[in-house]
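Here's the structure, in C-alpha cells; my notes come after.
FYI, it's all coordinate maths here, none of it is from the lab. Given the structure is predicted, the values throughout are model-derived calculations rather than measurements. Ideal geometry is used to build each Cβ from the backbone, glycine not excepted, and the neighbour counts take in all protein chains shown.
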Amino acid sequence: MKTFILIITLLFALNTEQHYVKNYYSNGKMKEEGWMNNGKKCKYWFYYYENGNTKQEGHYENNKKVNWWIYYDKNGEVLKKTEYKNNVPNGFSIIYRDGDVVKAEKYSVGKKIKEWHSIAEFRRDNPNF
C-alpha cells in the first residue's frame, strides 16, 4: 500500500509542474494563453490582439517555437503559416493575401533558401507536398 501511495504522490508531483497560463491586456481581453512546464512554454499557445482576434498560434517545445505557426492580421485573416524548429523558421512558409496563397518560401535554420510565386512552380519543385 505504501508503494502505491508513493507512486500516486510522485505522479501528482510531476503533473503539478505543468500548468495552463492566461495573461490579459489592461482592457481585460486575453493577451496570450498556453501551457507552461517548469517555467518554459510548451505545447500549443495562442496570442491575441487587443481587439480579441487571434494574432498568432502555434507549438512550443522547451520555450522555443516548433512545428507550424499561423499568423493573422487584426481582422482575423491568415497572413502566413510557417514551420519552425528551435525558434527559427525551418521548412516552408506559406504567405496569404485576402485568403489566397500568393507566395511560398523555404527556410533552412532561419535563412530563406527558396521562393515560389505560383502554385505551379511550387508543385514542380515539391511534388510530394
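Overview of results
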item: Ile113 vs. criteria within 20 Å of Phe129 (Cβ to Cβ), without any contact (Cβ under 8 Å) to a residue 12 or more places away in the chain and β-branched (Val, Ile, Thr); result: yes
item: Residues of region 80-128 that turn out to be within 22 Å of Glu61 (Cα to Cα), of a type outside the set (A, V, I, L, M, F, W, C) and part of a strand (DSSP E or B), as a count; result: 14
item: Residues of region 74-101 that turn out to be more than 23 Å from Lys64 (Cβ to Cβ) and not aliphatic (A, V, I, L, M), as a count; result: 9
item: Residue in region 115-129 that is nearest to the chain's Cα centre (by Cα), counting only those that are closer than 12 Å to Lys103 by Cα and of a type in the set (Asp, Glu); result: Glu115
item: Filter pass, Gly99 being within 30 Å of Lys29 (Cα to Cα) and of a type in the set (Gly, Ala, Ser); result: yes
item: Flag if Trp35 is closer than 17 Å to Val88 by Cα and not β-branched (Val, Ile, Thr); result: no
item: Condition check for Lys55: exposed (fewer than 15 other Cβ atoms within 10 Å of the Cβ) and either on the phi > 0 side of the Ramachandran plot or not acidic (Asp, Glu) (or both); result: no
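Rundown of residues vs (1) buried (at least 18 other Cβ atoms within 10 Å of the Cβ); (2) on the phi > 0 side of the Ramachandran plot, yes/no style:
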residue	(1), (2)
Tyr84	yes, no
Gly91	no, yes
Ile94	yes, no
Val109	no, yes
Lys112	no, no
Arg123	no, no
Phe129	no, no
